[in-house]
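Down below is the structure, laid out as structure tokens.
The values are calculated or read from the model by the stated rules, or taken from the named source; none is laboratory data. These numbers were taken from a predicted model, which means no experiment stands behind them. Virtual Cβ from ideal backbone geometry, glycine too; neighbours counted across all protein chains shown.
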Amino acid sequence: MEASSPRRKSRPPPPPEAVASLPPEILEQVLSSLPLRDAVRTSAVSRAWRRLWESAPGLALEWRPGTDAAVVDGVLPRYSGPVRSFEFDLHQGSFWRADDWVPHLADKGVQILKLHFSYDSFSPSAHYMDASIFSCRELTSLDLSGGCKILAAPSGLAGFPKLTRLCLREVGFQGNGGEGFGGVDC
């Protein structure tokens, strides 16, 4: 008597990914409502989501205090969409990075910009914001704190036409006839 081999049941083909069948506008809306970290993590959900975060409109590029500035250096050039908000706490050794980031943010139409400069109490040194801060024409909210200094505005600057909220704490103004002030309650 011959031994019969057990018959394997053939599996039906996997159904198409439900996520992949969503319209791109829905995918972008979902991503835009997530914190940045979660938006990037969605790349692992599905092929349809892979790298989608890089162009999702209006992401909030906000990092927790203590985040290494190199993370921003890796994310900012890859993200091609408009930036709704950008928030970062810079430590004294990385203040110069703000001068690299702000021109990119201006090009991406940043609306809300929050930068905090955390000084080392043993060797505080002023950080002079790059003039590119004045090219952020889409700003609706600007929050600078921690002791940075802003150079004189370029001549002919029309200002920030969409700005509705300004919060400056321990910010100095150089070349404008004043040394600065302690802050404004925000």
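Annotations for the structure displayed:
- Residue match in the range 147-165 (condition: surrounded by fewer than 16 Cβ atoms within 10 Å (Cβ to Cβ) and among the polar types (S, T, N, Q)): yes
- Answer from Phe95, Phe134, Phe117, Phe173 - the residue that is assigned by TED's automatic domain parsing to the domain that holds Ala70, buried (at least 18 other Cβ atoms within 10 Å of the Cβ), among the aromatic types (Phe, Trp, Tyr) and more than 22 Å from Val71 (Cα to Cα): Phe134
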